[in-house]
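Written out below as structure tokens is the structure these notes cover.
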Amino acid sequence: MTVARAPAELTPAERAIAVGTFDGVHRGHRRVIDALRETGLRSTVLTFDPHPRLVLGYDVQLLTTFERRLELLQEAGPDEILVVEFTQELSRREPEEFVADYLSAIGAQVVVAGEDFRFGAGRRGDVDLLRRCGLDVRAVPLLEGVSSSRIRELVTGGDLRGAADLLGRPFEVDGVVVAGDQRGGTLGFPTANLAPEPHMLIPAFGIYVGEALGARAAVSIGVNPHYGGSERRIEAFLLDFEGDLYGERVRLELWEKLRDERAFASEEDLVAQIAEDVAAARAATRPGA
């Protein structure tokens, strides 16, 4: 699949195009991409990097890294992806200029968009403006209750299964394995310590079950209060897994929250609780469809 960084990198063709950030590539996003492919034209997804809200100075907790977003968009099956660098200058461009430079320039004939689609300076561009620019706009009805904002709410509240229903797959934490305190190995449960990219959504502190690298996982997110920690850690014990993961990118699915983190009366009590958490990880079922 072609992933272009400028309109000039795409060969001339009559195209159908969908424009958006597509954070999370959730079920609503995939409905738009499915409609895009059904046009019969060359299907192009135009997305932005960095996330526009970050460039404009707003705080946003991202559901996916840019790398993972590209992977998910490719899995959704368009013919190509055009990545546009989002800058302050681009945010000030009039919507008509955006149409000319990024849509008409690549031969867009059809624009497939959600009914609430907005773009350009002051978010003045909408489906009516696209039609006035001579484009065939096919509005896709919103999927009720499905949005990146709602998924963030569910994840923050610990409802990982509810989030998976909207995503169509389990929520993921994506990061690089870095050195930790090496305490898990002495307790009999060696863990991979994940360092996520900045601005990524991380669930509330607690103990979770999930999967990574084909292995079930018992996951601790928090400060490890039993040992008086103060720095947030994401530590995953991968069941029945052997191997050195330091420096590797690991995508960790989180299936459900088991409990809050807490300190224990003794290390023996802590180990016994971890053993229960591991048993729960073995018995857990994967959400999302």
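For segment 132-150, the count of residues that are in contact with a Leu (Cβ under 6 Å, 6 or more places away or on another chain) and assigned to a strand (DSSP E or B) is at least one. Note on segment 252-289: residues that are out of contact with any helix residue (DSSP H, G or I) (no Cβ under 7 Å at 6 or more places or on another chain) and either polar (S, T, N, Q) or part of a strand (DSSP E or B) (or both) amount to 6.
Within the option set Leu129, Leu160, Leu166, being closer than 30 Å to Leu270 by Cβ and either at pLDDT 90 or above or more than 20 Å from the chain's Cα centre (by Cα) (or both) holds for one residue only, Leu160. Among the residues making up segment 108-125, those that are surrounded by 18 or more Cβ atoms within 10 Å (Cβ to Cβ) and either assigned by TED's automatic domain parsing to the domain that holds Ala204 or part of a loop (DSSP other than H, G, I, E, B) (or both) are Phe117, Gly120.
Just to check your reading of the model, which residue among Glu144, Glu172, Glu153 is closer than 19 Å to Phe205 by Cα, surrounded by fewer than 19 Cβ atoms within 10 Å (Cβ to Cβ) and of a type in the set (Asp, Glu)?
Numbers: Glu144 fails: closer than 19 Å to Phe205 by Cα; Glu172 fails: surrounded by fewer than 19 Cβ atoms within 10 Å (Cβ to Cβ).
Criteria check complete, one pass: Glu153.
Run down Leu63, Leu36, Leu46 and say which single residue is in contact (Cβ under 8 Å) with a residue 24 or more places away in the chain and either of a type in the set (Phe, Trp, Tyr) or farther than 27 Å from Arg132 by Cα (or both). Full working, then the answer.
Values: Leu36 fails: either of a type in the set (Phe, Trp, Tyr) or farther than 27 Å from Arg132 by Cα (or both); Leu46 fails: either of a type in the set (Phe, Trp, Tyr) or farther than 27 Å from Arg132 by Cα (or both).
On inspection, the qualifying residue turns out to be Leu63.
Checked against (1) closer than 12 Å to Leu160 by Cβ; (2) crowded, with 21+ Cβ neighbours inside 10 Å, Phe237 passes all but condition (1). Which of the residues belonging to segment 14-66 are touching a strand residue (DSSP E or B) at 6+ places or on another chain (Cβ under 7 Å), at positive phi and surrounded by fewer than 16 Cβ atoms within 10 Å (Cβ to Cβ)? Matches in segment 14-66: none.
The values are calculated or read from the model by the stated rules, or taken from the named source; none is laboratory data. The shown structure was predicted, so the numbers you read here are calculated from the model rather than taken from an experiment. Because the Cβ atoms are built from the backbone with ideal geometry, glycine has one as well, and the counts that use them run over all protein chains shown.
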